[in-house]
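The values are calculated or read from the model by the stated rules, or taken from the named source; none is laboratory data. Bear in mind the structure is a predicted one, so any value in this text is a computation, not a measurement. When we count neighbours, we look across all protein chains shown, and the Cβ atoms used for this are built from the backbone with ideal geometry, even at glycine. Only protein heavy atoms, including side chains, enter the accessible area calculation; ligands, DNA and RNA are left aside. Shrake-Rupley method; radii C 1.70, N 1.55, O 1.52, S 1.80 Å.
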Amino acid sequence: MGHGRRARVLAGTVAAALLTVLVIAVLGRQGVPFAVDDTLHRWALAQRAATVTDAAVALTVTASGPPAYLLGVLAGMMAAPRARWWAAALAVAVLAAGQLVRLGLAHAVDRARPPVPDWAWQAAGPALPSGHTTTSALVAAGLAAALLRHARRRLARILAVVTPVLWACAVGTSRVYLGMHWPSDVVAGWLLSIVIICAALPLLGRLLPRSPHPP
């Protein structure tokens, strides 16, 4: 087993274990938020400002529905220009499969969101794991992988990873700031996305055309 494969298996296993522990803890509390959830939720509400809230809403919109799937399609097309429509279809399939897994887990846990009066935007469905967080992390992984296939210089390769990751982290943070998720919902979304990414990478590696690594 190569170093890359071992790292992927380890990351996926650790994320799955942590997600399992978190889900069990939430179920054991019957969805009642943890103390840290309540503290960070109240702190976020106290930081509310109109301009920041507008920016958070604009950011969170990019991580759901058509915008998220368009970004996924873009990532697929960039990853395999010679088979761009096939790669785009694979990207959409991974996002859709991820959503099915997330919805199944969310309805199984059936955790309530924070109180509706605290919301600064619209929301629906159970809270954990956060859908926007999961989706943005999956899209960010696809964008990073696609950009890395084209980056040549060290700085470009660093930015290819850091930029999508920062976007995904900002989306997850926005869900707490906007009052529609407990922080642990966001953590669950990140953990689930790591599990899905680690599970999907081997399949995508076999299906997508290979490109030479940059020097």
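When each of the peptides 114-124, 85-95 is scored by the mean number of other C-beta atoms lying within 10 Å of its residues, the order from highest to lowest reads 85-95, 114-124. Taking amide H as placed 1.01 Å from N in the peptide plane, the amide H of R113 sits under 5 Å from that of A127, each at least 5 places away or on another chain.
Starting from the residue with the highest accessible area, list I158, I197, I24 in decreasing order, probe 1.4 Å. Please list the in-between numbers first.
Working: I158 80, I197 45, I24 110 Å².
Ranked list, largest accessible area first: I24, I158, I197.
Could you sort V73, V21, V187, V139 by their accessible area in this structure, using a 1.4 Å probe and putting the largest first? Present the calculation step by step, with values, prior to reporting the outcome.
Numbers: V73 35, V21 95, V187 65, V139 5 Å².
I get V21, V187, V73, V139, largest accessible area first.
When you have a sec, figure out the Kirkwood radius of the chain from all distinct Cα pair distances and drop it here in Å to one decimal? Intermediate values should be presented prior to the final figure.
Numbers: mean 1/r = 0.0557 Å⁻¹.
About 18.0 Å for the chain.
Given a cut-off of under 8 Å on Cα pairs at least six residues apart, what relative contact order in percent is computed for the chain? Before the final figure, lay out each step's value.
Details: 286 pairs, mean separation 67.0, N = 215.
Over the chain, the number comes to 31 percent.
The residues of the range 74-126 present an accessible area of 56 Å² per residue when probed at 1.4 Å with all protein chains retained. Quick one: pull the percent of accessible area on the chain belonging to carbon and sulfur, 1.4 Å probe, ligands and nucleic acids left out. Carbon plus sulfur share of accessible area: 71 percent. Axis angle, to the nearest 10 degrees, between helix 131-148 and the longest C-alpha principal axis of the chain: 20 degrees.
Largest GNM mean-square fluctuation among L138, L27, L203, using the chain with Cα springs under 10 Å: L203.
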